[in-house]
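The next block holds one structure in the form of structure tokens; read it before the comments.
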């Protein structure tokens with residue numbers, strides 16, 4: 001069966017009046033292009049062009065693989081695409097087309113990227129193309145062509161049984177919901193549908209700490225009601241709840257469990273520039289429970305060393321879950337949860353007769369106490385979840401640092417949590433905290449607080465490390481895998497961020513398998529789902545045999561030689577430099 005190349009897209013648009021030969025604000029522009037392989041006319045909506053969606057009729061029957069070719073015209077480029085027949089729209093963008101082969105192009109649109117969009121029965125189907133209405137930097141929408149590859153019955157059968165490995169824990173970042181890209185709640189489910197046949201066992205739906213189910217309680221919690229932005233904020237949360245329900249329903253339809261993902265730092269992320277949408281002003285409402293730095297300054301986060309803060313955290317989690325979620329995913333890799341406040345200082349003094357502020361986080365005397373408070377929180381949360389759902393266990397997934405030991409330095413004792421049955425799984429985060437104490441330590445290994453204060457005035461002492469390099473992630477696997485096997489929990493090793501090429505993801509996944517990992521967490525899958533080759537790499541990572549077998553490349557790059565009748569094969573005068 002011969003593939004079909006739709007390289008003159010304007011001619012396939014049903015509503016011809018929606019397309020113009022010249023640039024118009026409310027029309028798609030028909031623009032000629034030429035590559036070494038394909039010539040034709042693309043559909044283009046420039047930065048200041050906001051046309052209505054257009055419908056294309058492929059006019060074919062049966063199952064096909066549908067490939068789309070996108071050009072990175074301008075600094076940003078993305079296209080909203082959907083297929084009729086029960087599928088929602090989703091946004092796509094080219095991945096890594098500005099720097100190809102180690103050198104930078106004059107402009108992003110000198111390379112066009114072709115990759116698999118969807119596999120489906122196209123009988124009677126239409127393809128809808130739209131320019132997203134996202135609120136961000138100016139961007140364009142440019143789609144060069146669509147390639148339809150017919151499938152044999154055997155290929156269809158193989159596709160339908162693919163991606164059932166249940167080996168990938170997908171994470172959706174909260175910015176997917178807060179950017180308000182789509183017009184209605186159900187349209188947000190399109191990004192979830194892109195994960196089909198992707199070996200997904202679960203989707204963690206990251207939400208703000210206090211997102212509330214409007215059906216769970218007539219009133220917001222008392223400490224939220226007293227905050228000055230409660231009325232407007234409650235309206236925002238209720239609108240977000242509709243989106244999260246649509247996303248959860250779509251994930252359940254794909255056979256995945258759905259987790260409420262919560263950043264566990266009881267802190268304020270945005271002040272003084274914007275009102276916080278994470279803590280409802282708790283730092284201001286309860287200053288008596290704030291964390292403290294070694295040198296006594298207050299930190300804008302509440303401490304889990306106080307039972308009142310642990311109770312608030314439990315309440316906020318229960319209030320945020322509603323009836324949507326099969327579990328909670330607790331993100332402990334994004335902040336400080338307890339430090340040198342009075343309960344910590346008193347406990348260290350009681351046990352060891354020493355000033356807690358002089359102990360490095362790596363000292364077992366300090367992090368043992370911090371772990372004690374955080375483990376107590378897990379006990380209280382586990383009890384509350386069991387009381388709320390006595391018939392069905394609500395699962396807990398803990399997200400910690402690259403490795404078990406450094407996670408303990410900041411209160412995350414994964415082994416104790418697993419041993420006591422407090423958690424059901426642990427995920428490897430791609431962040432890590434560490435201290436730089438050069439010049440601050442005495443011969444006894446304790447911190448000289450005066451030297452520490454002087455050092456802190458010149459440079460950060462407590463630092464955060466972002467890393468998705470193979471060596472760092474693999475180095476932390478052994479202890480996680482031992483704990484998972486010994487105590488019967490699941491462990492999800494971290495795949496890279498979305499800003500890596502698909503080849504990097506494939507090599508990374510192979511290294512994780514070779515190190516003994518068999519399940520993975522895909523961070524920021526909502527962004528990865530926009531980048532088709534990277535998404536395909538993650539899906540391939542979920543099927544070990546395919547990953548290590550012979551497989552075709554996950555994208556084709558087409559060097560664009562001419563646009564709009566202008567040759568750019570040698571030099572591009574519009575390089576936006």
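The values are calculated or read from the model by the stated rules, or taken from the named source; none is laboratory data. Just so you know, these numbers come straight off a predicted model, no measurement behind them. Here the Cβ is made from the backbone with ideal geometry for all residues, glycine too, and neighbour counts use every protein chain on show.
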Of those in the stretch 62-103 that are over 24 Å from the mean Cα position of the chain (by Cα) and not in a strand (DSSP E or B), the residue farthest from residue 7 (Cα to Cα) is 102
Which of the numbered conditions does residue 156 fail, given that it passes all the others? Conditions: (1) more than 16 Å from residue 528 (Cβ to Cβ); (2) at pLDDT 95 or above; (3) out of contact with any strand residue (DSSP E or B) (no Cβ under 6 Å at 6 or more places or on another chain). (3)
Does residue 311 qualify as being surrounded by fewer than 21 Cβ atoms within 10 Å (Cβ to Cβ) and under 21 Å from residue 408 (Cβ atoms)? no
Is there a residue being closer than 27 Å to residue 79 by Cβ, in contact (Cβ under 8 Å) with a residue 60 or more places away in the chain and within 27 Å of the chain's Cα centre (by Cα) anywhere in the stretch 478-485? no
Only one of 96, 64 is out of contact with any strand residue (DSSP E or B) (no Cβ under 6 Å at 6 or more places or on another chain) and under 22 Å from residue 554 (Cα atoms); which? 96
Going through 517, 509, 536 one at a time, which residue ends up being touching a residue at least 40 places away in the same chain (Cβ under 8 Å), under 18 Å from residue 474 (Cβ atoms) and either assigned by TED's automatic domain parsing to the domain that holds residue 201 or within 18 Å of the chain's Cα centre (by Cα) (or both)? 517
So if I check each of 483, 568, which one is crowded, with 16+ Cβ neighbours inside 10 Å and modelled with pLDDT under 95? 568
Enumerate the strands (runs of 3 or more DSSP E) found wholly within the stretch 295-411, keeping only those where 2 or more residues are modelled with pLDDT of 95 or more. 327-331, 395-400
Set 317, 285, 351: member being in the same structural domain as residue 423 (by TED's automatic domain parsing) and either under 26 Å from residue 173 (Cα atoms) or touching a strand residue (DSSP E or B) at 6+ places or on another chain (Cβ under 9 Å) (or both): 317
